[in-house]
Amino acid sequence: MSTQTFTVTGMTCGHCVASVTEEVSEIAGVENVDVDLATGAVTVTSSEPLEDDAVRAAVEEAGYQLA
Ligand code: 9UX
């Protein structure tokens, strides 16, 4: 199990949080996603270490950017 935190910019409401959570949750191996709207911190727990590029792609698919 691996837990990593990423910072996402551009989220301003709860729907943003839901979109990021949904996309990141689709990455293979991801078990849990926690998004802090106030700070942009996205904490991802997964069964294997995540590739930054996979997280970046998911965040961008949702319409946001990694800091
Ligand atoms: Mo809320 Mo987020 O209306 O991009 S979905 S601001």
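The values are calculated or read from the model by the stated rules, or taken from the named source; none is laboratory data. Keep in mind that this is a model prediction, so the values were computed, not measured. We place every Cβ from the backbone using ideal geometry, glycine too, and count neighbours over all the protein chains shown. For accessibility, only protein heavy atoms count, side chains too; no ligands or nucleic acids. Shrake-Rupley method; radii C 1.70, N 1.55, O 1.52, S 1.80 Å.
Remarks
- Candidates 58, 62, 38, 54, filtered to the one that is over 16 Å from residue 18 (Cβ atoms) and either at pLDDT 95 or above or in contact with a helix residue (DSSP H, G or I) (Cβ under 6 Å, 6 or more places away or on another chain) (or both): 54
- The one condition in (1) touching a Phe, Trp or Tyr at 6+ places or on another chain (Cβ under 6 Å); (2) open to solvent by less than 40 Å² (accessible area, probe 1.4 Å) that residue 10 fails to fulfil: (2)
- Looking across segment 27-51, the residues that are of a type in the set (D, E, K, R), part of a loop (DSSP other than H, G, I, E, B) and over 16 Å from residue 64 (Cα atoms) come down to 48, 51.
- Within segment 32-42, the residues that satisfy the criterion of being open to solvent by less than 40 Å² (accessible area, probe 1.4 Å) and either over 12 Å from residue 3 (Cβ atoms) or not β-branched (Val, Ile, Thr) (or both) are 35, 40, 41.
- Single condition residue 17 does not satisfy, out of (1) open to solvent by less than 40 Å² (accessible area, probe 1.4 Å); (2) among the β-branched types (Val, Ile, Thr); (3) part of a loop (DSSP other than H, G, I, E, B): (3)
- Residue match in segment 13-28 (condition: of a type outside the set (A, V, I, L, M) and more than 16 Å from the ligand (Cβ to nearest atom)): yes
- Residues that are more than 14 Å from the ligand (Cβ to nearest atom), open to solvent by less than 80 Å² (accessible area, probe 1.4 Å) and within 12 Å of residue 8 (Cβ to Cβ), drawn from segment 43-67: 43, 44, 55, 58, 66
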